[in-house]
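Have a look at the structure below before the remarks.
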Amino acid sequence: MILSLRRLACASSLAALMLSVPCLAAEPVVHAQGPWTDTSLAPEARADAAVAAMTQPEKLRLVFGFFSTEATWMDNEVKRFQLPKEALPFAAGYVPGVPRLGIPAQWETDAGIGVASQVTETPRLRTALPSGLAIAATWDPATAQAGGAMIGNEARLSGFNVQLAGGMNLIREPRNGRNFEYSGEDPLLAGVITGNAIKGIQSNHIISTMKHFAFNAQETNRNAIDVKISDQAARQSDLLAFQIALEIGKPGSVMCAYNRINGAYSCENDWLLNQVLKQDWNFKGYVMSDWGGTHSTIPAANNGLDQQSGWAFDKSPYFHAALGEAVNNGHVSRSRLDDMARRVLWAMFANGVVDTPVAGDQSVSIDQAAHAQTTQAAAEKSLVLLKNDGLLPLSAKARRIVMIGGHADFGVLSGGGSSQVFTAGSQRFDEPLGKAMFYPSSPLKALASRTQAIVSYHDGKDAAAAAKAARNADIVIVFATQWTAEGMDTPDLHLPGGQNDLIRTVAKANRKTVVVLQTGGPVVMPWLNQVGAVISAWYPGTSGGEAIARVLVGEVNPSGRLPVTFPAGVDQLPRPVIDGDPKLDKADDPHPHTDYDIEGAAVGYKWFDKKGLTPLFPFGYGLSYTRFATSGLTAAADGKGVKVSVTVTNTGKSTGATVTQVYVSPPEGAGWESPKRLGTFARTELRPGESKSLSMTIDPRLLAIFNSATKTWTVKPGAYRVTTQDSATEATATSTVMLDQQTLDVRGQ
Ligand code: BGC
């Protein structure tokens, strides 16, 4: 949540009495002694011991969170409170600790791209990674982990010990304004990338969330919309992505989403929280609500919510005095309150939050130079070359290069909302969909320092004037932007504000036009046949301008692959019109519906495959300045999964990286949601002429269907086709493997 601010007085006595949300004073953490301080004990035992030593009010403190920013809309009798002194300003959340027992507070910050600030004149200035979708476009777990480690380090040095990261709702809706925060449309890719990002964050002895659990795939009516989806389709799609990320990243916390699922709000959904997450997946950490996602005391507590976040966003402080009363009168059992507190404590002990406490603001010791390199390296791997008629890399012979639009003279675009990272020197410019923040990493300057050519800039506001400037250039580079943000969906898949006309007009004047896209997700390109090259740069982060320039000149060979299908138009989507109505008033508690059973688990390329649709660019697509070949593909049964061996060779003239994508198709009648699934993948760097042998395994869940009645995964017997592919639509080699019938438990074992 992002809101405007105003400092408030402490709750007046009447309001304070009415709500009994007290003004907490800062209390020093003491060096308490007890079994929970014994680092040789398992986190479970330490959490048990700490819970046993706690009073009921102390347990209640752990499950009730404040918004750590004082906002004007809280200045009324219900919401009025004073932030505890030790809370950090302009941050997302704060949960007091239990100083008597040496349990520190939880200082929470957004999000997955870096350490964010709420809107203020004096934000924290931190490093921004490329968007989550860009990280997914690297198809590189190591890049995701390094990025996570970087933002976790900045969080710790900023005084935060809970990072509200791990955004990974599968892209079911390419117009979703938050797609840039997520990891694409495929459960394996999204799970692996997000899981590794979480692992990196938590390597700093802080907690990361994964969010928004689950099916929060659109922003339109996000607080109310009721998603219909069957258990089987859910387990084979979004839930599988979360399950994989949980196994890899082991997040201490899961943030439940705003929307309803099959009737019940995510944050009081027994099926989602108690059955799937806690029972089936054995999640030991705690479920925190999204800000404004708690709707009750008793149903929420009994159906699996462990902590109310940023309570002022909700109608009431449900997990404060009301929860104490519900425990005292038996509507919520004492053991359930213990379980809630134990889960919070388990996550703190398991991640080192108690043993390696954060020490306030130490941001002067952030290694800015090293972090600039980390974000730049990630951006360089994330850029996807979508088209190249030979314009790229730019010829050293070019004498006049004209750059047009997108504030390329100043910097690169970022996405808006609670994940917004502020960086030194960033500026907001009016974009068609809102006031967008640009980071001061100028592609113009970065390119000018790498070429003998004269590089000039035209702002592109007047298409005819831009075309005139472009006419005699050796190369024209149009920077096209689509700002997206939390709280909104894009009206369609077109670049907004006349940019399609600008590109057409410029390309007509000079066909040697390269388009660099900075978008939240997929867009359509009605001018594609008229231009010579297209690069998707997503939102490339604080060093994005350098990364773009290095790819343009060929210092870096593009190696990103699309983590999401680029449709040819909205008519190809399961829902050509987004369900719900942006005008519905949240206060009236509307109940709009959307039906995810239309596509079920056939999300993204699986839907396109199933329906025989041809996208503009398929999932997995991306070109390079060199060429690669695959040879010697074999597939063999291996335990319950499949082992795949293949050799990749760089057959071109420059060093580069390729992503080997292995897809699987089932035997007839296997009951899959779609003709094929991504089974495994690997990114490999190769010098010219170099070969590498890869050995990869396919998780048996990706060969199976989920049986909701028995809670098992079943691999049907028969011949499975295994293909290596350059994208979801281009096979390079095929092999067949015979599999016996297999049954796996709910965790895929
Ligand atoms: C967002 C979350 C975020 C929270 C705290 C909510 O609006 O949906 O992703 O972590 O605010 O800022």
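What follows draws every value from the coordinates through simple rules; no lab data is involved. On a predicted model such as this, the values are computed, not experimentally measured, just so you know. Cβ: placed from backbone, ideal geometry, glycine included. Neighbour counts: every protein chain shown.
Rounded to 0.05, the FRET efficiency of the Asp588 and Asp339 pair, given R0 = 41 Å and the Cβ-Cβ distance, is 0.75. Could you tell me which of rounded, prolate or oblate describes the stretch 429-512, using a ≥ b ≥ c as the square roots of the eigenvalues of the alpha-carbon gyration tensor, with rounded for a/c under 1.5 and, failing that, prolate when a/b is larger than b/c and oblate otherwise? Oblate, since a/c reaches 1.5 and b/c is not below a/b. Around the amide H of His212, modelled in the peptide plane, lie the amide H atoms of Met168, Asn169, all under 5 Å away and 5 or more residues distant in sequence or on another chain. Of the beta bridges in the chain, as assigned by DSSP with both residues counted there, near 65 percent are antiparallel.
In order along the stretch 351-368, phi translates into HN-Hα couplings of 9, x, 5, 7, 7, 10, x, 5, 10, x, 7, 10, 5, 4, 8, 5, 7, 4 Hz, rounded to whole numbers, per the Karplus curve 6.51 cos²θ - 1.76 cosθ + 1.60 with θ = phi - 60° and x for Gly and Pro. Extending 7 Å from Cα along the Cβ direction at Thr710 and again at Gln749 yields two label points whose distance is 1.8 nm.
Note on Ala465 and His205: the extension gain reaches 88.2 nm, defined as 0.36 nm multiplied by sequence separation minus the Cα-Cα distance. Which shape class, rounded, prolate or oblate, goes with the stretch 324-458 when its Cα gyration tensor gives a ≥ b ≥ c as root eigenvalues, a/c under 1.5 marks rounded, and past that a/b bigger than b/c marks prolate? Prolate is the answer for the stretch 324-458, as a/c is 1.5 or above and a/b outweighs b/c. Most tightly packed first, judged by the mean number of other beta-carbon atoms within 10 Å of their residues, the peptides 388-397, 684-693 read 388-397, 684-693.
The angle between the Cα long axis of helix 141-157 and the longest principal axis of the Cα atoms of the chain comes to about 50 degrees, rounded to the nearest 10. Annotation: amide H of Gln482 within the under-5 Å range of Gln518, Thr519, Gly520, sequence separation 5 or more or interchain, hydrogens built in the peptide plane.
The value of relative contact order for the chain, using C-alpha pairs under 8 Å at least six residues apart, is 13 percent. Close amide H contacts of Val287 (hydrogens built in the peptide plane, cut-off under 5 Å, sequence separation of 5 or more or a different chain): Val254, Asp306, Gln307. Both radii were evaluated on the Cα set of the stretch 521-649; the Rg over Rh quotient, with Rh as the Kirkwood radius, amounts to 1.07. Once the chain from Asp501 to Gln741 is taken as fully extended at 0.36 nm per residue, the excess over their C-alpha distance is 80.8 nm. In this label model, Asp280 and Glu690 are separated by 4.2 nm, measuring between points 7 Å along each Cα→Cβ vector.
Taking the DSSP beta bridges with both ends in the stretch 374-553, the antiparallel portion is around 35 percent. Protection proxy ranking, highest mean first, for peptides 126-139, 705-718: 126-139, 705-718, where packing is the per-residue count of other beta-carbon atoms within 10 Å, averaged.
The lysines within cross-link reach of Lys610, meaning a Cα-to-Cα straight distance under 17 Å and a gap of 8 or more places when in the same chain, are Lys676. Cα-based values for the chain, radius of gyration first and Dmax second, are 25.7, 81 Å.
Extending 7 Å from Cα along the Cβ direction at Arg575 and again at Glu555 yields two label points whose distance is 4.4 nm. Here the stretch 436-473 is scanned for amide nitrogen atoms under 15 Å from the site 7 Å beyond the Cα of Arg400 along Cα-to-Cβ, giving 453-458, 465-473. Per-residue ellipticity at 222 nm computed for the chain from its helices equals -6500 deg cm²/dmol, with DSSP H segments shorter than 4 residues left out and the rest contributing -39,500 (n - 2.57).
When peptides 590-601, 496-507 are sorted by average Cβ neighbour count within 10 Å, with the highest value leading, the order is 496-507, 590-601.
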